[in-house]
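Worksheet: one structure, shown below.
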Amino acid sequence: MYCGKSFPSFALFIMEARERILAKADELFNRFGFRRVTMDEIALKTGMSKKTIYQSFENKDQIVNAVVEDHIKKSCGICEAHCANAENAVHEIFLNMETMQELVGEMNPTVFEDLEKFFPTVFVKLYQHKNEYLAKKVKDNLVAGIKEGFYRKELNIDIITKLRIENVFLPFRQEVFPFAKFSMVEVQKEILEHYLYGLCTPEGQELIKKYKNSRTKSN
């Protein structure tokens, strides 16, 4: 007679194990980059055997893919929340800026380079997210800002959308901003502020000052 786990219990065990694996792998990837972290290290940090890990993932590539897909899903949720809660288009960008600075501040600067070189299939998914979902959010923000009178009405929305999207990964390009010399958080902040000032009417620029002052007081 079978005395092991029932099927629902085993399925729950696998789901919980999967969540633990992804949480710890994400932490390790952020600290050390995707390439350096091994399956042995993931097993050690989760307190699981490699056999248990292989019940959820066939290899490290699958873990990397799942971690990136989870980040994309969370990114979409955060963007939608910012869009719904923002006072206006300028405020939406400040909300996004705060989130990006939190994420970038915790991230190993090599993560994008590792993905591009060693996990190209996963990297393609990230680029699709950037070029499709994020591009639409940027375009929607531009349209809203123009309607509100905070962005200049003569802006070429298609060109500005492409310009912004191409700058998303710029802080991670070491040949442009060497990690030993530049802070990714500071680079991201300067890029976004430069972008905003280029968009805004005098009324919009007053909002930039307002939200910058608010950030300064809260820090």
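So the values come out like this:
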item: Selection status of Ile146, in contact with a helix residue (DSSP H, G or I) (Cβ under 7 Å, 6 or more places away or on another chain) and under 22 Å from Pro202 (Cβ atoms); result: no
item: Checklist (1) within 30 Å of Met39 (Cβ to Cβ); (2) modelled with pLDDT under 95; (3) of a type in the set (S, T, N, Q); (4) touching a helix residue (DSSP H, G or I) at 6+ places or on another chain (Cβ under 6 Å) applied to Asn65, failing item; result: (2)
item: Those residues of the stretch 116-143 which are hydrophobic (A, V, I, L, M, F, W, C) and touching a helix residue (DSSP H, G or I) at 6+ places or on another chain (Cβ under 9 Å), in sequence order; result: Phe118, Phe119, Val122, Phe123, Leu126, Leu134, Ala135, Val138, Leu142, Val143
item: Residue among Glu113, Glu106, Glu154 that is acidic (Asp, Glu) and in contact with a helix residue (DSSP H, G or I) (Cβ under 6 Å, 6 or more places away or on another chain); result: Glu106
item: Counted residues, the stretch 109-140 - those being in contact with a Ser or Thr (Cβ under 9 Å, 6 or more places away or on another chain) and closer than 20 Å to Ile208 by Cα; result: 2
item: Boolean, Phe119 is out of contact with any strand residue (DSSP E or B) (no Cβ under 8 Å at 6 or more places or on another chain) and either in contact (Cβ under 8 Å) with a residue 40 or more places away in the chain or surrounded by 18 or more Cβ atoms within 10 Å (Cβ to Cβ) (or both); result: yes
item: Count of residues meeting criterion [part of a helix (DSSP H, G or I) and in contact with a Pro (Cβ under 9 Å, 6 or more places away or on another chain)] in the stretch 129-178; result: 2
item: Any chance Lys125 is without any contact (Cβ under 8 Å) to a residue 12 or more places away in the chain and either of a type in the set (Lys, Arg) or not in a helix (DSSP H, G or I) (or both); result: no
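Results for (1) more than 18 Å from Asn96 (Cβ to Cβ); (2) surrounded by 13 or more Cβ atoms within 10 Å (Cβ to Cβ), shown as yes or no for each residue.
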| position | (1), (2) |
| --- | --- |
| Glu132 | no, no |
| Ala144 | no, yes |
| Phe169 | no, yes |
| Lys181 | yes, no |
| Val185 | no, yes |
| Ile191 | no, yes |
| Thr201 | yes, yes |
| Tyr211 | no, yes |
| Ser214 | no, no |
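The values are calculated or read from the model by the stated rules, or taken from the named source; none is laboratory data. Computed from a prediction, not measured in an experiment: that's the story for all the values here. For neighbour counting, all protein chains shown are included, and Cβ atoms are generated from backbone atoms with ideal geometry for every residue, glycine included.
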